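Taking it in order: structure first as structure tokens, then the write-up.
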Amino acid sequence: MTVSSGENSVDTKISLSGLAPLEAVLFDVDGTLCDSDPLHHYAFREMLQKINFNGGVPIDEEFFIKNIAGKHNDDIARVLFPDDLERGLKFCVEKEAMFRKLASEQLKPLNGLYKVKKWIEDHGLKRAAVTNAPRENAELMISRLGLSDFFDTLILGDECEHAKPHPEPYLKALKVLNVSKEHTFIFEDSVSGIKAGVAAGMPVFGLTTRNPEELLMQAKPTCLIKDYEDPKLWAALEELDATPSARI
């Protein structure tokens with residue numbers, strides 16, 4: 001596999017030709033298929049304020065990104081309620097119910113999502129959604145986006161021994177799809193998710209949906225893109241198409 005990018009540049013030309021013939025594409029869900037983080041932030045902020053967390057001062061975006069975004073609920077519960085994990089887990093369950101209500105009314109696809117979906121379908125590639133979200137959340141978002149028939153499988157951090165940032169969820173996706181990491185790449189939007197993909201040995205396109213670019217770059221993605229319309233993404237896919245060994 002030969003995937004190249006500048007160490008710190010997010011504008012360097014990316015080559016995916018070493019992945020040919022491409023077999024699969026793996027997606028995170030929250031922040032990758034849709035811009036759901038504002039809904040999560042709102043739910044956490046409102047519910048934490050009601051219980052006088054942090055003296056009733058609302059959590060800001062910096063706190064949300066550092067302690068919540070992309071993380072598994074078990075880890076979030078430990079951060080928010082370090083002395084009462086049981087209470088933290090119960091709180092997270094109640095927060096997810098609030099999120100699902102918001103998502104059912106407000107969820108929208110990330111820009112260009114259906115364009116890249118068509119490219120993947122036209123190339124006959126396998127695909128999986130790999131997420132730290134609870135099953136109810138993931139299935140709701142995928143359904144609301146009209147992607148229930150698109151994904152071959154849904155891999156949950158809850159159903160692995162280790163959730164992201166551990167590579168296990170992505171390695172499990174490869175096994176379920178029966179594909180090779182040498183012929184697969186990933187779309188992610190969080191530090192936790194990018195770390196998981198990189199540790200699993202695959203190129204990761206990091207989406208700058210909400211998280212700061214400098215923070216995402218620390219997780220060492222192959223490339224950062226704004227959304228699925230980003231010219232850097234399509235330049236890489238077009239080059240991959242032109243590779244003699246590519247599956248067209």
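The values are calculated or read from the model by the stated rules, or taken from the named source; none is laboratory data. Because the structure is a prediction, the values reported are computed rather than measured. Don't worry about glycine lacking a Cβ; one is built from the backbone with ideal geometry, like all the others, and counts go over all protein chains shown.
Restricting the search to region 100-119, which residues are within 17 Å of the chain's Cα centre (by Cα) and either part of a helix (DSSP H, G or I) or of a type outside the set (A, V, I, L, M) (or both)?
If the condition is that a residue be within 17 Å of the chain's Cα centre (by Cα) and either part of a helix (DSSP H, G or I) or of a type outside the set (A, V, I, L, M) (or both), then A103, K108, P109, N111, G112, L113, Y114, V116, K117 are the ones that fit.
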- Query: Only one residue in E121, E94 is of a type in the set (D, E, K, R), out of contact with any helix residue (DSSP H, G or I) (no Cβ under 6 Å at 6 or more places or on another chain) and not assigned by TED's automatic domain parsing to the domain that holds M202. Which one?
  - Reply: E94
- Can you tell me how many residues in region 139-157 are among the charged types (D, E, K, R), touching a helix residue (DSSP H, G or I) at 6+ places or on another chain (Cβ under 7 Å) and in a helix (DSSP H, G or I)? 1
- Would you check if A163 is of a type in the set (A, V, I, L, M, F, W, C), part of a loop (DSSP other than H, G, I, E, B), out of contact with any Lys or Arg (no Cβ under 7 Å at 6 or more places or on another chain) and surrounded by 16 or more Cβ atoms within 10 Å (Cβ to Cβ)? yes
- Message: Can you pull out every residue in region 50-90 that is out of contact with any Ser or Thr (no Cβ under 9 Å at 6 or more places or on another chain) and closer than 17 Å to D158 by Cα?
- Response: I68, N73, D74, I76, A77, R78, L85, E86, G88, L89, K90
- Hey, A128 closer than 17 Å to T32 by Cβ, in the same structural domain as A24 (by TED's automatic domain parsing) and either modelled with pLDDT of 95 or more or acidic (D, E) (or both) or not: yes
- Restricting region 110-136 to residues that are of a type outside the set (D, E) and free of Cβ contacts under 8 Å to residues at least 60 places away in the same chain, the one surrounded by the fewest Cβ atoms within 10 Å (Cβ to Cβ) turns out to be K118
